[in-house]
1. Could you give the distance between the Cα centres of the range 139-178 and the range 180-221, to the whole Å?
2. Which whole-number percent of Cα pairs in the chain have a distance greater than 42 Å?
3. Using 0.36 nm per residue, how much length does the chain from Glu95 to Gln39 gain when fully extended, once their Cα-Cα distance is taken away?
4. How much length, in nm to one decimal, is gained on full extension between Ser102 and Asp194, taken as 0.36 nm per residue of separation minus their Cα-Cα distance?
5. I'd like to know which of Asn314, Pro193, Leu342 lies farthest towards the positive end of the charge dipole of the chain, counting +1 on Cβ of Lys and Arg and -1 on Cβ of Asp and Glu.
6. Restricting to the chain, compute how many DSSP beta bridges are antiparallel as a %, nearest 5.
7. What translational diffusion coefficient, in µm²/s and rounded to a whole number, does the Stokes-Einstein relation yield for the range 397-457 at 20 °C and a viscosity of 1.002 mPa s, taking the hydrodynamic radius as the Kirkwood radius over Cα pairs?
8. For the chain, take the longest principal axis of its alpha carbons; what is the angle in degrees between that and the long axis of helix 13-25, to the nearest 10 within 0 to 90?
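Every read-out reported here was derived from the displayed coordinates using simple, explicitly stated rules and does not represent laboratory data. Just so it is clear, the structure is predicted and the values come from calculations on it, not from any experiment. Neighbour counts run over all protein chains shown; Cβ positions are idealised from the backbone, glycine included.
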Amino acid sequence: MNPHRIAVVGAGVTGLTAAYYLQKVLPESEVIVLEAENQPGGKLITSPFAGFSVDEGADSFLARVPWGFDLCQSLGLDSELVSPSARNASLWDNEKLQPIPSPNVLGVPLNTETISDDFLPSEAITLLNGSGLPQQELPEGDLSVGQVVRSCVGDDVLERLVDPLIGGINAGIADAMSCAMMAPQLLEAARHPDGMLNHLRNLTRNADPNAPVFHAHPEGMKRLVDALVDSLGNSLKLNSSVKNISRSGSQWIIETAEEFESVDGIIIATPAFVASKFLETILPSAGETLGSIEFASAALVTFSFSRSNLEVDNSQSGFLVPRAAGLFMTACSYSGSKWAHLRHPEVEILRVSTGRINDDRHLKMSDDELVAELRSDLAVTLGVESQPVDVRITRWPNSLPQFPVGHVAAMEDLRMSLDQQVPGLLVAGAAHRGVGVPACIRSGKEAAHQMADFLHG
């Protein structure tokens, strides 16, 4: 029997992960990875800046979920990982930086003693000292994060804490975002007979307060990408833009600008709006589902300032900016405080983000205008008005999928439709499991195992 041949379309972290695990679960098979760009990694880009290797996208991944760490362990990178030096963060609220209460779950405080005196009204504090039982019974099924949080702990907690954190994750709006997708632990806790807050307190009571929240690599996220690429040998084909995918008998035919590839199975690991184009003629309903997913755009501007002109609180990793604050920026990360490997006695590096769903002003700005707007916000929030030493602009158009109520069920229906009607074709990526690096790794790994199940019959 001839070995199976499998194609992965897209060499972001999802596609690279899928290919890596395919080689493990189907060692006799041939795996090819087709990437349209001239470099792998998708949004995981690390480049030189201010004498350091600084990420242009995600600079770390969550430690409390297993998929990122497990992959690093499998690649032999686990001993090289580091955690943030500064564990605390703030919010820009009432024209000043307010510490985010800790511990919290997606911004919901579990200890009111850590809330600044003037941060929340007394009514909100009273609710947070209670059990967190919803004001009225929550309907069955998926709900918005906003509906769940408002019902259990009130409007102020939602608008001043939870919504900014949601915005920091995928530039979304808590009132429009699926709780089953973004915060299943909150949805479960809200339906617990003890109440949301009591249940979350019980879950976190025995947690190690010193356990790392994030993992990173001192060489940047590109180190993970490089390790995955190295593991694939000659499987990766760059500058291979896929023009069309079609079925011929039991085989899939992939057309690129240079050639035709015949394979037994395909994993499409591209953004949903790209995958939708491939599926338009193969399974129109699936193409329509993926094409309907809304995306937010973002921009990340990295600044370096002389420490003589800017001093930040080294106990803080940065701050978030709520939508209601009226600023252009959405978040600011203090790279040198957050990461010991980016600390310099004379230079302070800031990574400043902008862009939310329903706020794409940055798309219409020139680079100079974008920098000027963010510098104006930095003058307001951090008091820095001096010229930066260096500036780097990274634009991420249509980069952050939005997850409306019912999204989890829609993605499961999509998976089942593909499985039943076009077996051997799978889709994976941020739209399916979430935008974080571990979620993308999970999606790629699950797709690899699903493909193995299909090919093994």
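1. So the separation of the two Cα centres works out to 15 Å.
2. 17 percent
3. Separation in residues times 0.36 nm, less the Cα-Cα distance, equals 15.9 nm.
4. Extending this stretch completely gives an extra 31.0 nm.
5. Positive-end residue among those listed: Leu342.
6. Antiparallel bridges: around 75 percent, rounded to the nearest 5.
7. Approximately 173 µm²/s, per Stokes-Einstein.
8. Rounded to the nearest ten degrees, it is 50.
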